[in-house]
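The values are calculated or read from the model by the stated rules, or taken from the named source; none is laboratory data. Since we're looking at a predicted model, the values are computed, not measured. Quick reminder, even Gly has a Cβ in these numbers, built from the backbone with ideal geometry, and neighbours come from all protein chains shown. When the accessible area is computed, the model is the full protein with side chains, heavy atoms only, and any ligands, DNA or RNA have been set aside. Shrake-Rupley method; radii C 1.70, N 1.55, O 1.52, S 1.80 Å.
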Amino acid sequence: MVSNSLKLAPSILGGDHSMLAEAVRLIKAEGLTWVHVDVMDGHFVPNVSFGPGVVAALKKRYPDMFYDVHLMLDNPNLYIKAFADAGADLISIHVEPEYPVWETLDEIHLAGKKSGIVLNAGTPVGDLAPYLPKVDLALVMSVRAGFGGQAFNASALKSLSALKSMRDEMKLSFRIEVDGGINAENVGAAIEAGADTIVAGTSFFRSPKELKSAMGI
């Protein structure tokens with residue numbers, strides 16, 4: 001499992017899409033090691049973003065960074081090998097679509113990668129419970145997945161707190177990640193609720209030092 005030290009994983013969705021390598025350079029320049037990559041298919045979420053080729057290109061340019069790949073896809077099981085081969089270090093899949101979740105988590109691990117399970121805003125946190133012993137990370141979306149720059153939904157704090165309690169009760173050590181509308185004003189509440197891995201796009205690229213200061217890193 002992954003250790004639970006506090007991490008900031010800036011999302012390149014909030015960077016300049018014409019210069020994604022520059023976005024990763026900025027992340028690295030801030031002394032950070034995680035890069036969050038949001039992958040959208042236009043079906044499970046109403047937007048289309050990055051594919052395996054983008055991950056491969058960034059991994060080639062910055063091989064020492066940790067690529068945290070979030071698959072917002074109807075059938076993520078069809079793309080595990082492609083993203084694993086591209087250089088993803090952690091691959092997270094959603095609990096909501098109809099596909100073989102257990103087998104997909106197994107495939108991620110067989111590829112030698114860390115695995116994550118994701119809860120969309122509005123999905124009961126209990127839906128994650130069966131998969132928690134199997135994953136390295138659980139991600140709570142604090143907005144409806146699909147677009148950057150949305151406002152943080154405070155109801156996610158209850159999900160984070162419940163997830164932390166579940167982790168403690170089950171004596172597990174998966175990371176708890178939160179994504180969506182995170183900024184310097186609300187990141188403290190997310191951390192207090194249980195998040196140890198923070199995804200931020202717009203707020204990071206607007207003012208990285210302010211966000212890092214609010215996190216105490």
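Select the strands (runs of 3 or more DSSP E) contained entirely in the range 75-188, then report the ones holding at least 1 residues which are under 25 Å from residue 59 (Cβ atoms), hydroxyl-bearing (Ser, Thr, Tyr) and at pLDDT 95 or above.
Numbers: elements: 90-94, 114-119, 137-141, 175-179.
Where strands (runs of 3 or more DSSP E) fall fully within the range 75-188 and carry at least 1 residues being under 25 Å from residue 59 (Cβ atoms), hydroxyl-bearing (Ser, Thr, Tyr) and at pLDDT 95 or above, they are 90-94, 114-119.
For the range 20-74, enumerate the residues that are modelled with pLDDT of 95 or more and hydroxyl-bearing (Ser, Thr, Tyr).
If the condition is that a residue be modelled with pLDDT of 95 or more and hydroxyl-bearing (Ser, Thr, Tyr), then 33, 62, 67 are the ones that fit.
Return the pair list, or none, for Cβ contacts closer than 6 Å from residues in the range 161-178 that are closer than 15 Å to residue 131 by Cβ to residues that are aliphatic (A, V, I, L, M) and assigned to a loop (DSSP other than H, G, I, E, B), at least 6 apart or on different chains.
Pairs that qualify, where the first residue is closer than 15 Å to residue 131 by Cβ and the partner is aliphatic (A, V, I, L, M) and assigned to a loop (DSSP other than H, G, I, E, B), are 173/1; 174/135; 175/2; 176/195.
Okay, residues lined up against (1) touching a helix residue (DSSP H, G or I) at 6+ places or on another chain (Cβ under 9 Å); (2) buried (at least 22 other Cβ atoms within 10 Å of the Cβ); (3) touching a residue at least 40 places away in the same chain (Cβ under 8 Å):
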residue	(1), (2), (3)
8	yes, yes, yes
35	yes, yes, no
39	yes, yes, yes
54	yes, no, no
57	yes, no, no
65	yes, no, yes
80	yes, yes, no
94	yes, yes, yes
115	yes, yes, no
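Residue-wise test of (1) open to solvent by 10 Å² or more (accessible area, probe 1.4 Å); (2) polar (S, T, N, Q).
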residue	(1), (2)
168	yes, no
191	yes, no
198	no, no
208	yes, no
213	yes, yes
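Take the conditions closer than 25 Å to residue 104 by Cβ and either modelled with pLDDT of 95 or more or surrounded by fewer than 15 Cβ atoms within 10 Å (Cβ to Cβ) (or both) and apply them to residue 17. Does it pass?
Against the criterion (closer than 25 Å to residue 104 by Cβ and either modelled with pLDDT of 95 or more or surrounded by fewer than 15 Cβ atoms within 10 Å (Cβ to Cβ) (or both)), residue 17 does not qualify.
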